[in-house]
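Beneath this line is the structure, given in structure tokens, with notes to follow.
Each value in this text was obtained by applying a stated rule to the coordinates, not by laboratory testing. None of these values were measured; they are calculated from a predicted model. No Cβ is skipped: glycine too gets one built from the backbone with ideal geometry, and neighbour counts run over all protein chains shown.
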Amino acid sequence: TVHIKGWVRQRFHGKLTPLQGNGTLLVEGPGDIVWRFPVELSPSGGFYQAFSADDLPTGTFTAAFELPTQERIAEVTFRMEAYRLPEFEIHLTAPDRAPLDGELKVGLTATYYAGGRVAGRPVRWRVTQFPYAWQPKGQEGFLFSSDARFAGARRFEGSPRLEQEDVTDAEGGASLTLNPGAEATAQPRTYLVEATVTGADDQTVTAVQQVVAVPAFVLGLKEPRFLANATTID
């Protein structure tokens, strides 16, 4: 089953607004086969359609959205291929949580199900960052802060998506080093690390690992918040 989802927007004077009404989702396959699905746009201008059929041909398919005026405004392609059992698996090792002031390392190991390591095969790394809501655990009477406080109410900033090519070594391993300390701000963040290994038969296997990066330490001050009569403050 292929899950197709889209959002339709209307642009007027530089402003985007959700489009309302109906449309048609066209799915075109090899051999000029066409499926037509009427769709109703949601209040946010979105639609969803699950696509499946018996005895589908393999090859490239196209999904396109068509307005009632038969104007095609967007399309995307996908491939349908015969299912093959993977010959190997890959494991990623990384800390679940890491400090923002140093480097963190993600390790990869690829192993054949029949035994042995997947050596000398291409590896494609992809790393994406997302903001992470975090605050230190409270302690009675203490007020806490960290260097992230100095970022104020700025928007989340992170390096662009990282894509890197690599090759597994003789032991079927590879590694990637990330440096949260090199980011423009010290805002907590989540690293989504994806590693894809291509086997000898050009079949790919992917593994995903999430790493949360938070401030290395926080400072806490304990003092009375209100003093009715005082000559000194400790």
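At 0.36 nm per residue, minus the direct Cα-Cα distance, what do Lys105 and Glu87 gain on full extension? Give it in nm, one decimal, please.
My answer for the length gained is 3.8 nm.
With contacts defined as alpha carbon pairs under 8 Å and 6 or more residues apart, what's the relative contact order of the range 3-127 in percent?
18
Going by Cα centres, the range 17-48 and the range 171-234 are how many Å apart?
The range 17-48 and the range 171-234 have Cα centres separated by 40 Å.
Under the definition of Cα pairs under 8 Å and six or more residues apart, what whole-number percent is the relative contact order of the chain?
This gives 19 percent for the chain.
For the range 136-142, take each phi angle, set θ = phi - 60°, evaluate the Karplus expression 6.51 cos²θ - 1.76 cosθ + 1.60, and give the result in whole Hz per residue in order, putting x for glycine and proline.
x, 5, x, 10, 4, x, 9
How would you classify the range 64-179 from its alpha-carbon gyration tensor, with a ≥ b ≥ c the square roots of the eigenvalues: rounded for a/c under 1.5, else prolate if a/b is greater than b/c, otherwise oblate?
oblate
Place a +1 charge on the Cβ of each Lys and Arg in the chain and a -1 charge on the Cβ of each Asp and Glu, then give the dipole magnitude about the Cα centre in debye, rounded to the nearest 20.
Result for the chain is approximately 960 debye, rounded to the nearest 20.
How large is Rg over Rh for the chain, taking Rg from the Cα atoms and Rh as the Kirkwood inverse mean of 1/r across Cα pairs?
Dividing the radius of gyration by the Kirkwood radius yields 1.13.
Counting only residues 5 or more places away or on other chains, whose amide H sits under 5 Å from the amide H of Leu100 once H atoms are built in the peptide plane?
Distant-sequence amide H within range of Leu100: Val214, Ala216.
What whole-number value in cubic angstrom gives the convex hull volume per residue for the C-alpha atoms of the range 124-234?
Residue-normalised Cα hull volume stands at 147 Å³.
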